[in-house]
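Here the structure comes first, spelled out in structure tokens, and everything after it is commentary.
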Amino acid sequence: MTQREAVSRFRSGVSGFTEVSPDVFRHTSTAHSYVWRSGHQAVLINVGDGSLLSELPELGVSEVLAAVLTHAAWDVSGGVGVLAHAGIPVYAPEADAPFLADPQVYLNAWAGDNNYDGRPLNLIPHEGVQPRPLRDYQALVLGPFTLVARPAPGPTLGHTVLLAEANGERLGFTGALLCAPGQVPRLSATMWKYNGGEGLAGSILSLLDLYDQQPTRLLGAFGEVLAPDALKQTAAALGELLKLRGHNLRLLELRERPYGELRPWLLHNRTSEANSYVLLSAQGTALMIDFGYDFAFGMPPGTARDTRRPWLYNLPALQAQFGVSKIDAVIPTHAHDDHVAGIPLLREQLGTQLWVAEPLADLLAHPHRHRFPCRWFESILPDRVLALKTPVVWEEFQITPYALPGHARHAVALLVEGYGERLLFIGDQYAGGDGLGLNYTYQNDFLEGDYVDSAALISRLRPDVLLSGHWEPVVLDAHWLKAATARGEALRRTHAQLQPVASRLLLTVTPAQTVARQFVDLILTNPTDQTITGYLQAENWRHTLSVPACGEQSVQFIPEGMARRIQIVFTTQPGEPPLIAFLTLTDGQT
């Protein structure tokens, strides 16, 4: 269907436009929508029920280049189906895009049994469309129009404000962030968990961030055109409710000083979901260790794409408070999302390089080839791969990566030497205030001897301080080393005693996802002190092998046939539990 046909078929019950800025017109249906016009062309910001499409000839508009949504609520996006039928591209924030692509999944969940998702998912559109991604912080150029998308979580996690330079003004299209000074359209939309206040905190941060962008006029989905001061007034009003609820009581304090100073040359992000560290050079450049969710104020329940959104909220503070001129590189300790989710944004927006130790490189570059939990949704290609045990020099620091399996098979420790100190960044290997918690995870391919090896590595490296992913720094001493060694030995001993020999092995399929007629490595790792003999079986294929004590054995398998999931089983003696893994065979590229 052409745009002309759509116009003729869809008739509005509400007519009329209001010019709110030169060549920017407001149309009201289920919510305010905006038409930004240049000659006969226009872009739409939000679409309401879609009725504005039939009225565009009143403005002399004959070509709509795209519709851009601030979020996926029905009142601002219910008419996207009309636009899609007319062949008009629809852009939506990435974190809200799943609501538009497959709304029935979320509507069914909202109406389902035992639902503890606090988000008002009944507000999403009922008709699905496949939107184009609206990338955070990027400029969307559509003919003569440029809109800059800025994260503004609050009404939804994916909620976005759009900034536009038009006729000497800096317009902020604010969606449902506010509707009047001191008011938001729906407080219910700010409760993401069953009784949480995540959206309240997110709204306050978003309002203050938008104020810092110095818009001259605010054009929302509800209410009247507002002046910038309304942003601060609304943030203050929401702060009162936040205090009453007892949520995020240090929010403004952390916004004011997001980075703590561990050394004059070492910072840690006090607001992130997992600790992110910043090395400062004498030249004013920086290198980060881990960068996941900057300023974590709360998340919706679940782990899908619609519940996860990194942003770059605190980076201006690095420049303003510590004089950072450039972030040269970021090095992750492991691939879990709370340690890497923000890295793509760092690279896109700041040109920061990703340096990755060898065990992490393929997992980040090709996440779907690996069966690991907590991985990020997108491929993150390294700019530089660091060899284990090989020092690299960055400014006045020397950095050496070491394998550190335990919490995760692919994890690494980073030994940083500078200013007469040796600091070891260990990710999530150890937990607790004393740094002795054994933070192993079976789904991350833990082996019983990992923490024996971990204590031995730290004893050999003798760092001055251990810096972890979620806990306070630990000053290393003889007592800690003795306790860590004893706990590692006890962990290995109890695992050897509490399960049959076969269950102590690890079966890995690499790649875990592939296409037919490609080699797949089936790897058995044996941490025990005895050789284990058994057979691997995958459907009709079978192979007998022996796995040496404290070693591993690899066998190649070539899958055939159509797309499916293939079960891989390693069996030893009759009556002992087998090891079970899966290979996913696809009909396209992995």
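The values are calculated or read from the model by the stated rules, or taken from the named source; none is laboratory data. Quantities reported herein were computed from a predicted structural model and do not represent experimental measurements. Cβ: placed from backbone, ideal geometry, glycine included. Neighbour counts: every protein chain shown. The protein model used for the area step is the full one, side chains on, heavy atoms only, and it has no ligands, DNA or RNA in it. Shrake-Rupley method; radii C 1.70, N 1.55, O 1.52, S 1.80 Å.
Things worth noting here:
- Looking across the stretch 437-471, just one residue is β-branched (Val, Ile, Thr), open to solvent by 20 Å² or more (accessible area, probe 1.4 Å) and either without any contact (Cβ under 8 Å) to a residue 24 or more places away in the chain or not in a loop (DSSP other than H, G, I, E, B) (or both), and that is 452.
- Evaluating residue 433 against the criteria (1) without any contact (Cβ under 8 Å) to a residue 60 or more places away in the chain; (2) crowded, with 16+ Cβ neighbours inside 10 Å leaves one unmet condition, (2).
- Test: residue 81 is touching a Gly at 6+ places or on another chain (Cβ under 9 Å), at pLDDT below 95 and within 21 Å of residue 103 (Cβ to Cβ): yes
- Restricted to the stretch 243-278, and to residues there that are of a type in the set (A, V, I, L, M, F, W, C) and over 30 Å from residue 170 (Cα atoms), the residue that is surrounded by the fewest Cβ atoms within 10 Å (Cβ to Cβ) is 244.
- Test result for residue 303, out of contact with any strand residue (DSSP E or B) (no Cβ under 9 Å at 6 or more places or on another chain) and open to solvent by 10 Å² or more (accessible area, probe 1.4 Å): yes
- Members of the stretch 48-76 that are closer than 20 Å to residue 166 by Cα and not charged (D, E, K, R): 56, 59, 60, 61, 64, 65, 66, 67, 68, 69, 70
- Look at the stretch 527-544: where a residue is more than 12 Å from residue 505 (Cβ to Cβ) and a partner is part of a loop (DSSP other than H, G, I, E, B) and modelled with pLDDT of 95 or more, sitting 6+ places away or on another chain with Cβ atoms under 6 Å, you get 529/549.
- Residue pairs meeting the criteria (Cβ under 8 Å; at least 6 apart or on separate chains; first farther than 27 Å from residue 38 by Cβ and among the aliphatic types (A, V, I, L, M), in the stretch 142-160; second in a loop (DSSP other than H, G, I, E, B) and open to solvent by less than 10 Å² (accessible area, probe 1.4 Å)): 157/95; 157/96; 157/192; 157/300
- Within the stretch 156-174, tally of residues that are in contact with a strand residue (DSSP E or B) (Cβ under 7 Å, 6 or more places away or on another chain), in a loop (DSSP other than H, G, I, E, B) and open to solvent by less than 40 Å² (accessible area, probe 1.4 Å): 2
- Qualifying residue in the stretch 472-494 (condition: hydrophobic (A, V, I, L, M, F, W, C), part of a strand (DSSP E or B) and free of Cβ contacts under 8 Å to residues at least 12 places away in the same chain): yes
- The residues of the stretch 196-221 that are in a loop (DSSP other than H, G, I, E, B) and over 15 Å from residue 154 (Cα atoms), listed by number, are 213, 214, 215, 216.
- Selected residue [closer than 26 Å to residue 415 by Cα and either acidic (Asp, Glu) or open to solvent by less than 10 Å² (accessible area, probe 1.4 Å) (or both)] from 359, 332: 332
- All strands (runs of 3 or more DSSP E) inside the stretch 544-586 with 1 or more residues being of a type in the set (Ser, Thr, Tyr) and open to solvent by 50 Å² or more (accessible area, probe 1.4 Å): 551-557
- So residue 248, is it part of a loop (DSSP other than H, G, I, E, B) and in contact with a helix residue (DSSP H, G or I) (Cβ under 6 Å, 6 or more places away or on another chain): yes
- Close pairs (7 angstrom Cβ cut-off, 6 or more residues apart or separate chains): assigned to a loop (DSSP other than H, G, I, E, B) in the stretch 175-194, modelled with pLDDT of 95 or more and open to solvent by 70 Å² or more (accessible area, probe 1.4 Å) anywhere: 181/233; 182/233
- Those residues of the stretch 362-401 which are open to solvent by less than 10 Å² (accessible area, probe 1.4 Å) and either within 24 Å of residue 264 (Cα to Cα) or in contact (Cβ under 8 Å) with a residue 60 or more places away in the chain (or both), in sequence order: 397, 399, 400, 401
- Of the criteria (1) closer than 24 Å to residue 309 by Cβ; (2) of a type in the set (A, V, I, L, M); (3) open to solvent by less than 10 Å² (accessible area, probe 1.4 Å), which one residue 52 fails: (1)
- Criterion (open to solvent by less than 40 Å² (accessible area, probe 1.4 Å) and at pLDDT below 95) met by exactly one of 96, 75: 96
- Residue in the stretch 181-219 that is nearest to residue 170 (Cα to Cα), counting only those that are of a type in the set (Phe, Trp, Tyr) and open to solvent by 10 Å² or more (accessible area, probe 1.4 Å): 211
- Within the stretch 37-49, the set of residues being more than 30 Å from the chain's Cα centre (by Cα) and either open to solvent by less than 20 Å² (accessible area, probe 1.4 Å) or more than 18 Å from residue 21 (Cβ to Cβ) (or both) comprises 40, 42, 49.
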